[in-house]
Amino acid sequence: MIDACDLAPEFIRAIAPYVPGKPASELAREMGLDPAGIVKLASNENPLGASPAALAAMQAALDDIGRYPDGNGFALKQAIAAHFGVGLDRIVLGNGSNDVLELVGRTFLVPGTSAVYSRHAFAVYMLTVQAIGATHLETPAQDFGHDLDAMADAIRDDTRIVFVANPNNPTGTFLPGPAIEAFLARVPSRVIVVLDEAYTEYLPDADRYDAVAWLARFPNLVISRTFSKAYGLAGLRVGFALAHPDVADLMNRVRQPFNVNSVAQAGAVAALHDTAFVARSRALNSAGLAQVIDGVTRLGLQHVPSRGNFVLVRVGAADSVYRKLLQRGVIVRPVAAYHLPEWLRVSIGLPEENARFLDALTEVLGGADPRATAVAPPVAHGAA
Ligand SMILES: *Cc1c(COP(=O)(O)O)cnc(C)c1O
């Protein structure tokens, strides 16, 4: 390493780079495949793409692209305020919700303080804490999900933030609303609780809870939301936090003034209003999730019950299965970095994309054609 890099803080040099899902264009290049024939189920993206209303709004916003965006994001904040019934002073806009997560970290952490998160939790929590040189306290998982009691017990005097993902990525695990509410009541008010609800729009009715209503009772609660998943705008980079006005004020001071660009602000406003698109995304996802779970179960594979737009499947030699799927033009996500070396995470796509994945997986595992075993009685599944 060059001298300057040798002098970078040890905690920066210790960071393991985040490995995103492989882009379809990269696989096409590497394997000489037709990009149009590649199925990417690796980054929990919305297979419907973006809402047409959002696309039209973004197109219109281009007319003004020579100007700086509204640094205060007034129109988007107004739309969010109306949608969630909160004041403008409770909103912090982010360049994706990853930006929001980092803003919370940079607002409340310094070296010598600590943050708590669960094993198998979303990687950005660890990255955020590491980049600041604060201490990360990882608690053991419970059935692949968060153990909220262990997380509350892990809080020390120097703890400033606890990160909770609900549902969590990459596990898809879910904590019922009342459990989170009880957890909030247990956590000291001097500790910020980040409740990352990136997949909340996908929850079935029976699992829905209203974290926004808790803001009035828990001033240390920071809710993180994104336009990247059910709203179909992952490439646009927009997310936001809802928090106590004092917390939002501090985060907005740390935030770069133009962190959300003008096209993104316009697209997000239109996406928020297009509730039919979100409903369509949700219905497509629940059918696709059932399709994929049915398919992997027929192959005799274990999965972790998921409330997200993805599911963890236990395939054994995950790295080898991953590479064989790539050869068949199907991109999924290895999760060894999450301490899950035998598992692959597959995002839910269109019905035909899910079928492509299941066909390729069947081939790779040397099992029968899933369509051929579709009529087999359940007892036969484990043998596939
Ligand atoms: C995908 C995801 C996000 C969203 O990230 P963006 O930066 O908004 O695209 C946040 N949290 C979790 C747990 C996720 O899986």
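Assorted remarks:
- Among the residues of segment 63-84, those that are part of a helix (DSSP H, G or I), free of Cβ contacts under 8 Å to residues at least 60 places away in the same chain and open to solvent by 80 Å² or more (accessible area, probe 1.4 Å) comprise ASP63, PHE74, GLN78, ALA82.
- Pick from segment 245-254, criterion open to solvent by 20 Å² or more (accessible area, probe 1.4 Å) and touching a Ser or Thr at 6+ places or on another chain (Cβ under 6 Å), ranking: nearest to the ligand (Cβ to nearest atom): VAL254
- Applying the condition of being among the aliphatic types (A, V, I, L, M) and within 18 Å of PRO170 (Cα to Cα) to segment 191-244 and asking which residue is farthest from the ligand (Cβ to nearest atom) yields LEU203.
- Residue ID - most open to solvent (accessible area, probe 1.4 Å), chosen from residues in segment 121-162 that are out of contact with any strand residue (DSSP E or B) (no Cβ under 9 Å at 6 or more places or on another chain) and among the small types (Gly, Ala, Ser): ALA131
- Test: residue in segment 103-123 that is part of a helix (DSSP H, G or I) and under 21 Å from ALA141 (Cα atoms): yes
- The residues on offer are SER347, SER320, SER306, SER281, and the sole one that is more than 19 Å from the chain's Cα centre (by Cα) and either at pLDDT 95 or above or outside the structural domain of GLU30 (by TED's automatic domain parsing) (or both) is SER320.
- Residues in segment 244-256 that are under 17 Å from GLY96 (Cβ atoms) and touching a strand residue (DSSP E or B) at 6+ places or on another chain (Cβ under 7 Å): 3 in all.
- Here PRO167 fits the description: buried (at least 17 other Cβ atoms within 10 Å of the Cβ), closer than 26 Å to ARG307 by Cα and in contact with a Phe, Trp or Tyr (Cβ under 8 Å, 6 or more places away or on another chain).
- Checked against the criterion of being assigned by TED's automatic domain parsing to the domain that holds LEU325, at pLDDT 90 or above, at negative phi and open to solvent by 80 Å² or more (accessible area, probe 1.4 Å), segment 17-28 has no qualifying residue.
- Of the residues making up segment 85-112, those that are more than 11 Å from the ligand (Cβ to nearest atom), open to solvent by 10 Å² or more (accessible area, probe 1.4 Å) and touching a residue at least 24 places away in the same chain (Cβ under 8 Å) are GLY85, VAL86, GLY87, ASP89, ARG90, ARG106, THR107, PHE108, VAL110, PRO111, GLY112.
The values are calculated or read from the model by the stated rules, or taken from the named source; none is laboratory data. Just so it is clear, the model here is predicted, and its values are computed rather than measured. For neighbour counting, all protein chains shown are included, and Cβ atoms are generated from backbone atoms with ideal geometry for every residue, glycine included. Calculation scope for accessible area: heavy atoms of the full protein, side chains included, ligands and nucleic acids excluded. Shrake-Rupley method; radii C 1.70, N 1.55, O 1.52, S 1.80 Å.
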